[in-house]
Every structure is written in C-alpha cells, then in structure tokens.
Amino acid sequence: MRLTFEASELVARTDQRRRTGSASLAPKSRSHLGQFFTPAEVACFIAALPRLPKRGRLRVLDPGAGVGSLASALTARVISEHSAVSLDIWAFEVDAGLHSLLRETLADCEDVARENGISVSTRLLGGDFIKWGTEQASHDLFVTTGERFDVVIMNPPYRKINRGSSERLLIERLGVDVSNLYAAFLVLAAALSDDGGQIAAITPRSFANGSYFRAFRGFFLDRMAFDRIHIYNSRNAAFSEDTVLQENVIFSATTGNGRPTKQVIVSCSNGPGGKVSMREIPHEQVVRTKDPERFIHMSADYGADDVAATMAALPCQLADLDLQVSTGRVVDFRARDFLRSDAAADTVPLIYPTHCQNGSISWPIQGFKKWNAIVASEATMKLLLPAETYVLVRRFTAKEERRRVSSVVFDRREAPSQLVGFENHLNVFHRRNRGLPYELASGLCLWLSSTLVDEFVRQFNGHTQINATDLRQLRYPALDELMALGSALEADWPGQEKIDELVATYVTLSRGSRG
C-alpha cells in the first residue's frame, strides 16, 4: 500500500502513540486484557485488504482499537487512493487509560482527511465490547436488529476465557461456544457485519483446527468466506517489539458469498516487509466441504495441492483400521498424591513426552524433574492401561522442530510392568484401550513420521499442538500396508530419508499427484 506524504505522516504519528501506549501498560494489565498493539507496517497490510467501493459511505468497526493504529491505516489508505469513499469509524477500547491517545488518533484522522477532501467521522466507545456486541446481534443473525457494519478491521485481544466467565456466557447467547477472547471478537465481527460486509484481522492461527475451535469454525464459516489469508512463518514477526511468541495469521473474509467456486489468495512471508509468496486457490481447497471438522488449510506452497490430493486418495481412516487415539489419562497435578520420582513395588511406569526419544522409550530418566512412576491402586486404576504396545504422539512440539508430528512406539519391554500410565501431553493410539500388534504399531509410527504426513499437517496446523482430533482427521494406508511397513523396520530407528524410502516402498501413493 503506497501512502502519500500526509497519509504516511498520519500513520507515523499513530505509531509513536502506539509505542507510548505500549510502554505505559503494566504487564499484569496487558495479560489480563490480552493487549498487543498493531505495529504500523502490520496495520497498513491489514488496512489494504478490504475491497473499497469507488464512492459512498462505509461504516467501519474497530472493536479493539488500542491507540487507533488500524483506524489511521485505513484512513491513510483512503486518502492515498484519492477515494470518494467516506468513513464512519466506531472505535471500541475497554482500557480507559488509552482513551486520550486513541482520541488524539481519531481527531488526527478526521483532520488529515478533511485537509485532503475526504470525509471521516469517528466515535470512541468505551466499556465492554462483548456485552455491547451481543446486545446488537440478533438471535437470527441474518435479520438486522442493531448496528451493522460494512468493514470490521481488528487486532482482537488474545486471552483464554474460562467456561462460566461472563464473556463466554454472553457469546453462548448467539449459539456458539468459544475458548479464547479473540474468537469471541470474531464471532461478533461476523454477527455485526452487514450482508457483503468484510472482516480484515490479525489473530492467532489456532482457530484453523482442533476441537476447541470446532464450534467457532462452524459459526464463522456459515457466515463468512475467505478472500485472503497471509501467514507469518516466524512466531515473533508480527509483534516483535512486545517479544510475543505467537503464530499469527492475517486474513480478510466477506459475508454472504461463500460460493464453492470462489478463489482465495493464500500468501506467506517471514515477517512484515519480507518477500511474499502467494498462490490463488478455490475456497474448497481451504475449507473442504466434506470435512465435518471444517479445518482451514493454509499453505502458500503450490506443492500443497499434490500433498493434499495424495492424502485424500489413501483408503483408510482410523475407524477402518479398528484404531482409536486418545489423550493420555494422567493429568499430573490432579494425581499428584500418587506420583513418584522412582519406581517402587506399588508403582507402574508413567510415561511423559520427555521419555519419548528417537522412535522409542527411554525410561526411567534419572534426575527427571517430573515423575517416572505412578502408584497402581483402586484410586488410579481408571488412569492406567495394560502395558502393551502403543503408538504415542507428543501433543506439543516447538514450531522450529523438524517434524510437527513426533511419534514413538511404546514397547512394554522398555518399561516392564503389567500396567502403564500415559501423561496428558501425549496422544495414545490404541485398539479399544488395548495395545496393537508390534508390526502395526511400528508401521503406524513410521507413517506418522513421514515427510508426506508432516507436509500435510502443516497445511492446517500452524500452531505447536497436535490434538487427537487432528490425528483422527488424517487418512491412513491400508492395514496390510502398515503391517508390511512395520515389518521392514530394522533394530535402529531410521533417519528421515530412510523413513520416506520405506513409505514409498510399502505404501501405495497417488503418483499422479506426487509426481
């Protein structure tokens, strides 16, 4: 977005207010409100996304305005494009301590616009946006009963909201459950958008998959269709001055135009101002009609279509293999009275992600800061499984790790016992709460460790958590192929090149899509 001198100066003054406001925030207040202000370069990127008409008046909502970075960036765009569009900007900010800076920005927007022959009117609203927004929204969200907007431009607050909290209960009135404040803001943005209205936002990427955001995705995607998705490859790119490690996505979406043939531009860069890679794909490849979870696939790599087609051609889901996957049953802080550092006569092995190394189990770990064992008693029996052969997948991996899916085979010979406990940060593949044949477990582990699976998972899973839901959504080779793959495994766990060679040898893949 090219800005005129006057528009550029408007954005620069706002950015100085951002630095002032950010420096004044107490860490406890920032954490409580989930406040991370939008740097100028990011604000201008977001402001460039909405489609603007050649003339007419646009009602614009900024529901987490901060010091007004997005409002000033959008005003600067209209000024620079010499547009005949006029703006009516509603800026919500719950933190009264920021109102003086926000008021300065809004007045600056009006003044610079007026000097350039553009009409911009603004209003600052304090108080709770969630409460106000739910009052405006109708239970029938396609019937206008309150305020509606042509453009919602937003950097919503990021904070988990507990079940039973006032924010969560208010959003539930609209028939949707959310677990994070940013998702609540997006729900209201969709609800308050007029027909054909647009949302341009920067948020965490976590809504794209997983069970926690299933209800949100259903609500949002019933109302909105994506126009543009942009991913930052680095987790500290968007809010580097605030040292925030958060994988962000910038997107724009429009109400009422979710046609299957609609095209979406998907792009990525290492950070603001970096080289951008992009491609244009059908909306159906971003959100697949037949996917009941409605995962959102985000990849700017043209090879992603081949990967997705190859995975889609595989014959099995877990149910076809008579397999299930569940999170580990032992939540350590709830079972603390039964946890032990060392094995004893009354304990059984307790397996944490740290025990999972190089395709196998290393147990016990001397000097482990967590626990190596759990007491086997009537009170803990429901937390334990028979000590048989399972496949374990770590629920959390660092974004920088080579594999997003980190799996190992649990073999009872590596932790001798009749029972075993798996800690909650592990996903456990099992067969009706019993173990798997060793060859099947080995083949499944090799498959999950393949480059093909890693590339596919990264299309919809940008964050560092791998949920059981994600693993259920995958497609798998036929049972006999997994067994043959596992039978080919030698004593030592192979490197990545060998894993991919084994998969290519024993698994039938769609060569038309993989080349």
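Just so you know, all these numbers are worked out from the coordinates, no wet-lab data involved. Values in this document were obtained by computation on a predicted structure and should not be read as measured data. Glycine gets a Cβ as well: all are built from the backbone with ideal geometry, and neighbour counts include every protein chain shown.
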Next on the checklist: I need the peptides 19-25, 479-485 ranked by packing, meaning the mean over residues of other C-beta atoms within 10 angstrom, with the highest value on top.
Outcome noted: 479-485, 19-25
Checklist entry - Sequence-distant or interchain residues sharing an amide H contact under 5 Å with Gly197, placed H: which? => result Thr255
Checklist entry - region 1-116: percent of C-alpha pairs farther apart than 19 Å? => result 41 percent
Checklist outcome for this item: Among beta bridges assigned by DSSP with both residues in the chain, the antiparallel ones amount in percent, to the nearest 5, to 60 percent
Next on the checklist: Please report the net charge: other residues with Cβ closer than 12 Å to the Cβ of Ala76, K and R +1, D and E -1.
Outcome noted: -2
Next on the checklist: I'd like the orientation of helix 181-192 relative to the chain: the angle between its Cα long axis and the longest Cα principal axis, in ° from 0 to 90, rounded to 10.
Outcome noted: 50 degrees
Checklist outcome for this item: Checking rank on 123-129, 471-477, 421-427, with mean other Cβ inside 10 Å and highest first, the result is 421-427, 471-477, 123-129
Item to check | the chain: angle of helix 99-115 to the longest principal axis, Cα-based, in degrees nearest 10 | outcome: 50 degrees
Checklist entry - Quick one, what does Rg over Rh come out to for the chain if you take C-alpha atoms and the Kirkwood Rh? => result 1.02
Checklist entry - Where the Cα atoms of region 318-514 are projected onto their three principal axes, how long is each span, largest first, in whole Å? => result 56, 32, 30
Checklist entry - So, in the chain, how many Lys pairs have Cα atoms under 29 Å apart, if the pair is 8 or more places apart or on different chains? => result 19
Item to check | Environment charge at Lys131 (Cβ cut-off 15 Å; Lys +1, Arg +1, Asp -1, Glu -1) | outcome: -4
Next on the checklist: Just to check, using Stokes-Einstein with a Kirkwood Rh over alpha carbon pairs, what's the diffusion coefficient of region 67-215 at 4 °C and 1.567 mPa s in µm²/s?
Outcome noted: 78 µm²/s
Checklist entry - Where does each of 216-225, 265-274, 73-82 land if you order them by average Cβ count within 10 Å, highest first? => result 73-82, 216-225, 265-274
Checklist entry - Just how large is the dipole of the chain about the Cα centre, in debye to the nearest 20, putting +1 at every Lys and Arg Cβ and -1 at every Asp and Glu Cβ? => result 480 debye
